Amino acid sequence: MTSPRAHRARVLRQASGRAEECVWSAVRGGRIDGYKFRRQHPVGPYFADFACDPLRLIIEVDGGVHRLDEVAARDLERQQALEALGWTVIRVTNDQVYEAPERLLEAVRMHARRLHG
(Lines give C-alpha, C1' and ligand atoms only; values in the text may rest on other atoms or scores of the structure.)
Protein backbone atom coordinates (compact mmCIF):
# COMPACT_ATOMS: atom_id res chain seq x y z
CA MET A 1 0.00 0.00 0.00
CA THR A 2 1.40 3.40 -0.92
CA SER A 3 1.53 6.28 1.49
CA PRO A 4 -0.64 9.36 0.92
CA ARG A 5 2.51 11.40 0.12
CA ALA A 6 3.71 8.85 -2.45
CA HIS A 7 0.25 8.83 -4.01
CA ARG A 8 0.19 12.66 -4.13
CA ALA A 9 3.64 12.74 -5.77
CA ARG A 10 2.46 10.26 -8.42
CA VAL A 11 -0.65 12.33 -9.15
CA LEU A 12 1.48 15.49 -9.48
CA ARG A 13 3.90 13.75 -11.88
CA GLN A 14 1.03 12.55 -14.04
CA ALA A 15 -0.44 16.06 -14.19
CA SER A 16 2.80 17.79 -15.19
CA GLY A 17 2.69 20.32 -18.00
CA ARG A 18 4.75 20.63 -21.15
CA ALA A 19 7.40 22.87 -19.55
CA GLU A 20 7.91 20.41 -16.69
CA GLU A 21 8.23 17.57 -19.21
CA CYS A 22 10.93 19.58 -21.03
CA VAL A 23 12.86 20.12 -17.80
CA TRP A 24 12.49 16.47 -16.84
CA SER A 25 13.89 15.31 -20.18
CA ALA A 26 16.91 17.59 -19.60
CA VAL A 27 17.69 16.57 -16.00
CA ARG A 28 16.55 12.95 -15.66
CA GLY A 29 18.94 10.08 -15.24
CA GLY A 30 21.95 12.20 -14.33
CA ARG A 31 22.05 14.06 -17.65
CA ILE A 32 23.56 17.12 -15.98
CA ASP A 33 27.05 16.01 -15.02
CA GLY A 34 25.75 12.85 -13.34
CA TYR A 35 23.49 14.64 -10.84
CA LYS A 36 20.20 12.79 -10.50
CA PHE A 37 16.97 14.68 -9.98
CA ARG A 38 13.63 13.43 -8.74
CA ARG A 39 10.26 14.74 -9.88
CA GLN A 40 7.66 15.90 -7.37
CA HIS A 41 10.04 15.01 -4.58
CA PRO A 42 8.80 15.54 -1.01
CA VAL A 43 10.90 18.14 0.85
CA GLY A 44 9.56 18.95 4.29
CA PRO A 45 5.83 19.51 3.94
CA TYR A 46 6.16 20.42 0.24
CA PHE A 47 6.64 18.70 -3.10
CA ALA A 48 9.47 20.12 -5.18
CA ASP A 49 8.95 20.07 -8.95
CA PHE A 50 12.51 18.73 -9.29
CA ALA A 51 15.03 18.04 -6.52
CA CYS A 52 18.62 16.87 -6.46
CA ASP A 53 19.50 15.58 -2.99
CA PRO A 54 23.33 15.67 -3.33
CA LEU A 55 23.20 19.31 -4.45
CA ARG A 56 20.34 20.24 -2.08
CA LEU A 57 18.89 21.95 -5.16
CA ILE A 58 15.26 22.42 -6.15
CA ILE A 59 14.01 23.55 -9.54
CA GLU A 60 10.54 25.08 -9.57
CA VAL A 61 8.77 25.64 -12.90
CA ASP A 62 6.21 28.43 -12.74
CA GLY A 63 3.32 28.75 -15.16
CA GLY A 64 1.22 31.86 -15.70
CA VAL A 65 -0.81 31.42 -12.51
CA HIS A 66 2.34 32.17 -10.50
CA ARG A 67 2.13 35.80 -11.65
CA LEU A 68 -0.97 36.32 -9.50
CA ASP A 69 -0.13 38.24 -6.33
CA GLU A 70 -1.56 35.69 -3.91
CA VAL A 71 0.19 32.78 -5.67
CA ALA A 72 3.49 34.70 -5.82
CA ALA A 73 3.22 35.42 -2.09
CA ARG A 74 2.68 31.71 -1.32
CA ASP A 75 5.60 30.83 -3.61
CA LEU A 76 7.88 33.21 -1.72
CA GLU A 77 6.78 31.81 1.65
CA ARG A 78 7.30 28.26 0.41
CA GLN A 79 10.72 29.10 -1.05
CA GLN A 80 11.84 30.67 2.22
CA ALA A 81 10.71 27.56 4.12
CA LEU A 82 12.64 25.30 1.72
CA GLU A 83 15.73 27.49 2.02
CA ALA A 84 15.43 27.31 5.82
CA LEU A 85 15.66 23.52 5.42
CA GLY A 86 19.00 24.00 3.64
CA TRP A 87 17.89 23.83 0.02
CA THR A 88 18.62 26.26 -2.81
CA VAL A 89 15.67 27.02 -5.09
CA ILE A 90 15.97 27.93 -8.76
CA ARG A 91 12.73 29.31 -10.18
CA VAL A 92 12.08 29.36 -13.92
CA THR A 93 9.00 30.31 -15.87
CA ASN A 94 7.48 28.16 -18.59
CA ASP A 95 8.63 30.77 -21.12
CA GLN A 96 12.23 30.57 -19.87
CA VAL A 97 12.14 26.78 -20.24
CA TYR A 98 10.94 27.07 -23.84
CA GLU A 99 13.09 30.02 -24.92
CA ALA A 100 16.44 29.29 -23.24
CA PRO A 101 16.61 25.85 -21.60
CA GLU A 102 20.40 26.00 -21.63
CA ARG A 103 20.27 28.78 -19.01
CA LEU A 104 18.63 26.43 -16.52
CA LEU A 105 21.22 23.75 -17.18
CA GLU A 106 24.01 26.27 -16.69
CA ALA A 107 22.44 27.49 -13.43
CA VAL A 108 22.49 23.90 -12.13
CA ARG A 109 26.13 23.51 -13.15
CA MET A 110 27.06 26.81 -11.51
CA HIS A 111 25.38 25.73 -8.28
CA ALA A 112 27.29 22.42 -8.36
CA ARG A 113 30.59 24.25 -8.91
CA ARG A 114 29.90 26.55 -5.95
CA LEU A 115 29.34 23.50 -3.74
CA HIS A 116 32.13 21.30 -5.02
CA GLY A 117 34.67 23.81 -6.29
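Could you go through the range 50-68 and let me know if any residue there is in contact (Cβ under 8 Å) with a residue 40 or more places away in the chain and aromatic (Phe, Trp, Tyr).
No; the residues of the range 50-68 include none that is in contact (Cβ under 8 Å) with a residue 40 or more places away in the chain and aromatic (Phe, Trp, Tyr).
Can you pull out every residue in the range 88-104 that is part of a helix (DSSP H, G or I) and surrounded by 15 or more Cβ atoms within 10 Å (Cβ to Cβ)?
Selection gives ASN94, GLN96, VAL97, PRO101, LEU104.
Under 8 Å between Cβ atoms, which residue pairs at least 6 apart in sequence (or on different chains) link something in the range 76-91 that is closer than 21 Å to MET110 by Cα with a partner that is among the aromatic types (Phe, Trp, Tyr) and surrounded by 13 or more Cβ atoms within 10 Å (Cβ to Cβ)?
Short answer, once both residue conditions are applied: LEU82/TYR46.
Given the condition in a helix (DSSP H, G or I), modelled with pLDDT under 95 and surrounded by fewer than 19 Cβ atoms within 10 Å (Cβ to Cβ), answer yes or no: does some residue in the range 41-63 qualify?
No, there is no match, as no residue in the range 41-63 is in a helix (DSSP H, G or I), modelled with pLDDT under 95 and surrounded by fewer than 19 Cβ atoms within 10 Å (Cβ to Cβ).
Determine whether the range 64-83 contains at least one residue that is assigned to a loop (DSSP other than H, G, I, E, B) and surrounded by 12 or more Cβ atoms within 10 Å (Cβ to Cβ). Spell out the reasoning first.
Quick first cut of the range 64-83, residues assigned to a loop (DSSP other than H, G, I, E, B) only: 68.
Narrowing further to those that are surrounded by 12 or more Cβ atoms within 10 Å (Cβ to Cβ): none.
Scanning the range 64-83, I find no residue that is assigned to a loop (DSSP other than H, G, I, E, B) and surrounded by 12 or more Cβ atoms within 10 Å (Cβ to Cβ), so the answer is no.
The values are calculated or read from the model by the stated rules, or taken from the named source; none is laboratory data. A quick note: this is a predicted structure, and the numbers were derived from the prediction, not measured. We place every Cβ from the backbone using ideal geometry, glycine too, and count neighbours over all the protein chains shown.
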